[in-house]
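The values are calculated or read from the model by the stated rules, or taken from the named source; none is laboratory data. The structure displayed is predicted, hence computed values, not measured ones. FYI the Cβ positions are ideal-geometry reconstructions off the backbone, even for glycines, and counts take in every protein chain you see.
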Amino acid sequence: MGFFYFPVWTDKYKYINILKFEYLQRKLIYFVTDSSENKSMATISSGEFERIFKELYKPLCLFALRFTEKTEDAEDVVQQVFADVWDKNVNHVVIANIKSYLFQAVRNRSLTLIAQSTDMQQTTEFLADLEDTSEEEQMYQAERDARLWSAIDGLPAERKKIFLLSKRDGLKYQEIADELHLSVKTVENQMGKALKALRETAKRIYCFLFGVA
Amino acid sequence: MMNNEQENKFEKRMRFVAHRYKEGALDTNKAWEQFAARKGIRKSVFLLRYWLAAASVFLLLVGIGTFYIVDRNKPEWVAITTASGQVKEVFLPDSTLVSMAGGSTLRYDIKGYGKERRVVEMSGKAFFQVKRNETRPFSVHTALTEVTVLGTSFLVNERPAATEVNVVTGKVRFSAGQEEEKQVVLTAGMSAVYSKEEKDMTISKEENLNNLSWKTKQLRFDDTPLEQVIKDLNDYYQVKITNKAKSQNARLTATFNDLPLDEVLMVINQTLDTRLVAAPEK
């Protein structure tokens with residue numbers, strides 16, 4: 001487990017710097033400056049940009065959440081990255097692989113953010129996990145996480161509450177039942193349905209990817 | 001059908017997401033609105049996409065509709081043809097009776113027939129007994145002419161050089177010519193011929209007794225000049241008859257009920273002292 005290699009904070013900085021160096025190397029490949037004189041128009045139309053934004057916003061946030069604990073921070077990072085890409089776009093800087101670039105930029109900004117933060121509770125656990133997965137695998141996982149997030153969003157209010165009390169806040173079924181004035185049976189039942197819905201979501205993604213019936 | 005590895009992975013991802021989950025966070029639409037407001041991206045482009053989508057759906061529907069209507073109104077032709085010497089009787093959908101002489105064709109659009117008008121196209125020779133219907137005029141089109149009626153019986157004889165119309169009962173309108181339209185109204189007993197070469201019409205009030213002999217199988221002559229007798233015989237037997245004797249002013253009164261040509265000629269030659277000889281028409 002990579003987890004064991006990164007408990008010391010100095011190591012964390014070293015690791016971040018290595019990641020940043022990789023990123024800078026990639027950066028050279030990403031940018032191709034458009035030589036055309038027409039500066040009034042963006043290279044990607046705003047409609048197309050909106051499509052990309054809407055498609056990748058959630059996955060990028062979930063990717064950022066691997067580094068940062070707070071959703072506010074993650075959303076800020078993603079907004080900043082998109083703003084940066086939009087400015088480049090307006091200035092006719094063509095980005096060769098925009099999806100890949102966005103993920104790299106989110107990673108870089110997130111790492112900067114946690115490096116600046118003095119909060120040592122930041123999760124190094126997930127940093128370690130990232131180390132041995134490929135770039136494609138990371139993007140794919142972020143997309144899958146985004147789907148799970150949406151699936152949780154889509155749960156009925158009561159079921160969602162029970163699910164979050166259990167999985168997020170770590171409450172036992174009995175404790176949830178007491179807090180919500182429900183029977184343990186009901187809690188179990190609702191949990192079962194919630195997990196089934198999420199599992200269906202995950203399964204659909206597997207089927208889509210590997211054609212497993 | 002998830003195996004253990006997948007189940008573990010799922011559990012891990014679910015825990016990760018649940019841990020980070022916050023009610024109302026990561027709202028893509030809200031984030032985009034924020035972003036667009038900050039970067040001054042107008043919504044019009046976004047709306048335009050929807051307009052384009054709506055417009056294409058609309059166009060598609062119009063296209064399908066048009067195709068459907070065009071397809072429904074596409075004529076479906078029914079054609080009837082007779083071999084040389086064959087006589088055929090055909091009932092049209094409105095029970096109009098058409099008697100077709102040999103070597104004729106008749107066609108009509110079964111979908112459009114009787115909708116607003118009753119239209120048939122023909123070539124050759126045909127006798128029409130039209131069912132009366134004043135709201136839906138009946139018309140016969142030939143290559144050059146058009147005959148329109150409400151309900152009568154009449155004969156149309158279309159030959160390469162001319163088209164002839166003979167009215168037996170009722171009233172018909174006979175029109176012809178493309179650039180310079182000629183039009184006449186014919187009543188019972190009248191006939192008109194439109195000549196292709198002269199581009200003109202000639203009307204005659206004389207009734208030809210043998211116009212329908214191809215149908216009735218009867219040749220009638222009532223004080224008929226020999227010239228006309230030869231013409232009618234040529235028409236009926238599809239031959240070319242020449243008179244080898246000089247007896248120009250002879251007139252014939254007789255009735256033949258589908259007799260062989262030899263016998264007819266023999267009777268005429270004996271009666272009028274002529275020498276009519278037949279040669280088959282080429």
Qualifying position, being modelled with pLDDT under 85, surrounded by 10 or more Cβ atoms within 10 Å (Cβ to Cβ) and either part of a helix (DSSP H, G or I) or in contact with an Asp or Glu (Cβ under 8 Å, 6 or more places away or on another chain) (or both), among B:LEU48, B:LEU59:
B:LEU48
Which one of these is out of contact with any helix residue (DSSP H, G or I) (no Cβ under 6 Å at 6 or more places or on another chain), within 29 Å of A:LEU155 (Cβ to Cβ), at the interface with chain A (Cβ under 10 Å from one of its Cβ atoms) and among the polar types (S, T, N, Q): B:ASN8, B:ASN4, B:ASN29?
B:ASN29
Exclusive hit being over 26 Å from the mean Cα position of the chain (by Cα), surrounded by fewer than 17 Cβ atoms within 10 Å (Cβ to Cβ) and part of a strand (DSSP E or B), set B:THR271, B:THR253:
B:THR253
So, in the stretch A:85-103, how many residues would count as being among the charged types (D, E, K, R) and surrounded by 14 or more Cβ atoms within 10 Å (Cβ to Cβ)?
2
Can you tell me which residue within the stretch A:164-186, out of those that are within 14 Å of chain B (Cβ to nearest Cβ) and outside any helix (DSSP H, G or I), is nearest to the chain's Cα centre (by Cα)?
A:ARG168
Kindly indicate whether any position in the stretch B:233-248 is basic (Lys, Arg) and more than 30 Å from B:THR142 (Cβ to Cβ).
yes
Are there any pairs with C-beta distances below 6 angstrom linking a residue in the stretch B:20-39 that is under 13 Å from A:LYS70 (Cα atoms) to a residue that is modelled with pLDDT of 85 or more and of a type in the set (A, V, I, L, M, F, W, C), with the two at least 6 apart or on different chains, and if so which?
B:ARG20/A:LEU65; B:TYR21/A:ILE152; B:LEU26/A:CYS61
